[in-house]
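The values are calculated or read from the model by the stated rules, or taken from the named source; none is laboratory data. Note that the coordinates shown come from a computational prediction; the quantities given were computed from them, not determined experimentally. Cβ atoms come from the backbone with ideal geometry, glycine included; neighbour counts cover every protein chain shown.
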Amino acid sequence: MDVVYFIDSRTRNFRPLRISIKSLRKNISARDIYLIGVKPEGVEGVEMRYDDRNKKIYHNARNKLRMAIGNEKISDNFILMYDDVYFLKEMKELPYYHLGKIKDFVEDKNKRTDFISPFWRNVIRSMNRMFPDGYFYESHSPIIYNKKKLQEAFEKKSKMGRSTLRTFYCNYWKVGGVETKDFKIYKKEDFDSWDKPIVSTRTTTETTKMLDQIEQMI
């Protein structure tokens, strides 16, 4: 199975990407790596050029996914990976991770601070109407997509209302999965006691300390 990374063409710090790829190669079985956006010098992967400038983040992600779907060399099932995500333990398979039921994120008191903005408020309520018993898959983790199923999800999603592609895809195709706490962490002290096989970081001074530790682990 191939791996696809989205790389912002405006990025200048590629250390997280290098460490992410190194962690991936050590801990999961994967075929080729495709970098959609830009390929930094000395980084493993097949480059697929894309200019992120003057476009919204969502539009860039959508366009890059469509590039992956249209590339015949990329495997029918592929892993969508991110340059701020790292594998910390060997994984024989990659499950679909969710944070619990969508309906449990409708009320503010049940949300993380990530999901209380007006944007998330509207999107979560819309997804809850689509999938009243559905799961919320915004776990900041890699995900396996199937090209044909992803293309159909693109087409159906636009007709059914506001939603994130990840949560729509997983509920539309009823992939099930494993409930987890969010893999995104913000402080090194949280990482020191972290026992999950995956972790996602943010671009802060704390991240530099965590990257040093992750690099030592892999």
For Phe136, which of the numbered conditions (1) surrounded by 15 or more Cβ atoms within 10 Å (Cβ to Cβ); (2) within 30 Å of Lys73 (Cβ to Cβ); (3) not β-branched (Val, Ile, Thr) fails to hold? (2)
Picking from Ile69, Ile74, Ile102, which residue would you name as being of a type in the set (A, V, I, L, M, F, W, C), over 27 Å from Thr207 (Cβ atoms), in contact with a Ser or Thr (Cβ under 8 Å, 6 or more places away or on another chain) and at pLDDT 90 or above? Ile102
Just checking, how many residues over region 7-47 are in a strand (DSSP E or B) and surrounded by 20 or more Cβ atoms within 10 Å (Cβ to Cβ)? 4
Filtered residue count, region 177-191, keeping only those that are in a loop (DSSP other than H, G, I, E, B), closer than 22 Å to Asn128 by Cβ and either in contact with a strand residue (DSSP E or B) (Cβ under 7 Å, 6 or more places away or on another chain) or modelled with pLDDT of 95 or more (or both): 2
Against the conditions (1) assigned to a loop (DSSP other than H, G, I, E, B); (2) closer than 20 Å to Asn63 by Cβ; (3) of a type in the set (Lys, Arg), where does Lys174 fall short? Just the number, please. (2)
May I ask you to verify whether Leu165 is crowded, with 16+ Cβ neighbours inside 10 Å, assigned by TED's automatic domain parsing to the domain that holds Asp2 and out of contact with any strand residue (DSSP E or B) (no Cβ under 8 Å at 6 or more places or on another chain)? no
Apart from one, (1) outside the structural domain of Phe154 (by TED's automatic domain parsing); (2) surrounded by fewer than 13 Cβ atoms within 10 Å (Cβ to Cβ); (3) modelled with pLDDT under 95; (4) over 24 Å from Ser200 (Cα atoms) all hold for Lys56; the odd one out is (4)
Flag if Asn60 is of a type outside the set (Lys, Arg) and in contact with an Asp or Glu (Cβ under 9 Å, 6 or more places away or on another chain): yes
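Give the residues of region 168-188 that are more than 30 Å from Thr208 (Cα to Cα) and surrounded by 18 or more Cβ atoms within 10 Å (Cβ to Cβ), sorted by residue number.
Taking region 168-188 and keeping what is more than 30 Å from Thr208 (Cα to Cα), we get 168-177.
If the condition is that a residue be more than 30 Å from Thr208 (Cα to Cα) and surrounded by 18 or more Cβ atoms within 10 Å (Cβ to Cβ), then Phe168, Tyr169, Cys170, Asn171, Tyr172 are the ones that fit.
Does Lys147 satisfy being within 26 Å of Glu93 (Cβ to Cβ) and either in contact with an Asp or Glu (Cβ under 6 Å, 6 or more places away or on another chain) or of a type in the set (D, E, K, R) (or both)? It would help to see each step written out before you state the result.
Numbers: within 26 Å of Glu93 (Cβ to Cβ): yes; either in contact with an Asp or Glu (Cβ under 6 Å, 6 or more places away or on another chain) or of a type in the set (D, E, K, R) (or both): yes.
Yes: the conditions hold for Lys147.
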With respect to Tyr97, is the statement that it is crowded, with 18+ Cβ neighbours inside 10 Å, at pLDDT 95 or above and touching a Ser or Thr at 6+ places or on another chain (Cβ under 6 Å) true? yes
For region 192-217, name all the residues that are at pLDDT 85 or above and either polar (S, T, N, Q) or part of a loop (DSSP other than H, G, I, E, B) (or both). Ser193, Trp194, Asp195, Lys196, Pro197, Ser200, Thr201, Gln213, Gln216
